[in-house]
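First the structure, in the form of structure tokens, and then the observations on it.
Derivation of every value follows stated rules applied to the coordinates shown; laboratory data play no part. This structure is a prediction, so every number in the text was calculated from the model and none was measured. A quick note on method: Cβ atoms are made from the backbone with ideal geometry, for glycine too, and the neighbour counts reach across all protein chains shown.
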Amino acid sequence: MQHGKTEKCMNDLEKKIWQLLEKITDPEIPVLSIIDLGIIRSVKVNHTSTDTPHEVLIWYTPTYSACPAVDMINTDILVSLTVAGFTNIRLEQTLFPAWTTDWMSESGKEKLKKYGIAAPIGKSCENIALADLKIACPQCGSIQTILVSEFSSTACKALYKCNTCLEPFDYFKCH
Amino acid sequence: MMTTQEIENPLIKFLLHLGDNALIMGHRNSEWCGHGPILEQDIALTNIALDQIGQARNFYQYAAKLILESSGEQLTEDSLAYLRDSWDFKNCLLVELPNGHWGRTVLKQLIVSAYQFCVYQELEKNADKQLAAIASKSLKEITYHFRWSSEWVIRLGDGTSESTQKMKDALDAIWPYTNEWTNFSDYELNILGDSHLTIRENFEEKLGAVLSEAGLTAPTIAFSQDGGKKGNHTEHLGYILAEMQFLQRAYPNAAW
Ligand SMILES: [Zn+2]
């Protein structure tokens, strides 16, 4: 499991919550879990007294400012944890440090490719113009590909066309 | 009807200014949805609109929190967007101007993106952690907007004789609204301090470089339009608000 800031001393409940979160997927890219995406920053479970339920505090970072998937993901988290018996759940958004594709897990990148979306190449700080990147076609592996638009079906992806197999495909932009 | 006109806190005023720029620009961009020259570019501009509205939400949410803390008044991102009248908006006039043709639209976008890039770049270092966080997040998105609009302005400015002429005319029409961005108000200066000089310099350089590559020359004009930052707007803003706010005004608290 890889997420920017790994919680060092996790208790059993926190481990259980991470496992539950692993099952929640991005509604727009259903092969990716929210852990693969790297949007969960930390999970904390506090237990102050035996009379009160455990307090669950989850910090997350949205991918893009206006990502429409955020509300859906929040609802999924609340439902999943409620079903598992947690009653006191707080979801807190943190904007800093800004989300980056560097936080995406390697297994997530592999899943993206199998799904037909080219995974982000390089580190976000390198900030290379899309036109200067060679993106391999996720269908046939050819690098004879051409950028069609910097923006695709969602803000996080760019649209490409493969000149070998002639199929269009999405590239998950380095961000 | 609510108003934020009595607010004196410079940070809140600045947040509203930044949010208003983004919201009105996003709304104008959204008018192209379904009308773009080709599907890919229609989608590109709609994505930019979405980014702008997302950024506006972040600024409004933070402004609402500070208003609650300072005056106890319960506002939300929605009431700030939907229940203020035009004199309460602090956006620069350029964002409310009609889009016009595609060339004029991408030129407007270029100026706004160049400015947003330069101001967020400085705000990223601001001592106010939440303002810095929003700026840092927005900056990543603006980088794409700037590149996209630069490419279009260069393609059309340095294109056919017809496209070049249209871009020249668009630049003449829009240019009087460019100075307002770096004609800083008291509340901006209060938050930006000396960094306003860097912003002005970077903005002129960033914009100038693209115009020059596009073969366009900024007109020399003796006057510039302003007033937006203080709430004095063109008639266009009223029409935008009439459309954007109609539902919340006619059916208060409607939700879906
Ligand atoms: Zn291919």
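Here is a list of conditions, (1) within 14 Å of another protein chain (Cβ to nearest Cβ); (2) outside any loop (DSSP other than H, G, I, E, B); (3) within 22 Å of B:D51 (Cα to Cα), and B:R155 meets all of them except one; can you say which number that is? Failed condition: (3).
Of the residues making up segment A:85-118, those that are away from every other protein chain (no Cβ under 14 Å) and either surrounded by 13 or more Cβ atoms within 10 Å (Cβ to Cβ) or under 12 Å from the mean Cα position of the chain (by Cα) (or both) number 18.
This table checks each residue for (1) free of Cβ contacts under 8 Å to residues at least 24 places away in the same chain; (2) more than 18 Å from the chain's Cα centre (by Cα); (3) at positive phi.
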position	(1), (2), (3)
B:G159	yes, yes, no
B:A173	no, no, no
B:W181	no, no, no
B:D194	yes, yes, no
B:I199	no, no, no
B:G215	no, yes, yes
B:A218	no, yes, no
B:I221	no, yes, no
B:L241	no, no, no
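Every test in (1) in contact (Cβ under 8 Å) with a residue 24 or more places away in the chain; (2) of a type in the set (A, V, I, L, M); (3) closer than 17 Å to B:M25 by Cα is passed by B:V153 save one, and that test is (3). From the list B:A250, B:A242, the lone residue that is over 25 Å from B:Q55 (Cβ atoms) and of a type outside the set (S, T, N, Q) is B:A250. Within segment A:161-173, the set of residues being within 13 Å of another protein chain (Cβ to nearest Cβ) and within 11 Å of the ligand (Cβ to nearest atom) comprises A:K161, A:P168. I'd like the full set of residues that are away from chain B (no Cβ under 14 Å), assigned to a strand (DSSP E or B) and surrounded by fewer than 21 Cβ atoms within 10 Å (Cβ to Cβ), limited to segment A:39-55. A:S42, A:K44, A:V45, A:N46, A:E55 - these are the residues of segment A:39-55 that are away from chain B (no Cβ under 14 Å), assigned to a strand (DSSP E or B) and surrounded by fewer than 21 Cβ atoms within 10 Å (Cβ to Cβ). Screening segment B:42-90 for residues that are closer than 14 Å to B:F14 by Cα and in contact with a His (Cβ under 7 Å, 6 or more places away or on another chain) and picking the one that is surrounded by the most Cβ atoms within 10 Å (Cβ to Cβ) gives B:F89. Tell me yes or no: at least one residue of segment B:240-253 is surrounded by 20 or more Cβ atoms within 10 Å (Cβ to Cβ), among the aromatic types (F, W, Y) and assigned to a helix (DSSP H, G or I). Looking through segment B:240-253, none of the residues is surrounded by 20 or more Cβ atoms within 10 Å (Cβ to Cβ), among the aromatic types (F, W, Y) and assigned to a helix (DSSP H, G or I). Residues of segment A:138-175 that are hydrophobic (A, V, I, L, M, F, W, C), in contact (Cβ under 8 Å) with a residue 24 or more places away in the chain and over 25 Å from A:Y64 (Cβ atoms): A:C140, A:C162, A:C165.
Given the condition more than 13 Å from chain B (Cβ to nearest Cβ), within 14 Å of the ligand (Cβ to nearest atom) and closer than 25 Å to A:D26 by Cβ, answer yes or no: does some residue in segment A:147-160 qualify? The answer is no; no qualifying residue exists.
Taken over segment B:96-143, the criterion of being within 14 Å of chain A (Cβ to nearest Cβ) and of a type in the set (S, T, N, Q) is satisfied by B:Q109, B:S113, B:Q116, B:Q121, B:N126, B:Q130, B:S136, B:S138, B:T143. For segment B:47-60, the criterion of being away from chain A (no Cβ under 14 Å) and under 26 Å from B:D128 (Cβ atoms) is met by no residue.
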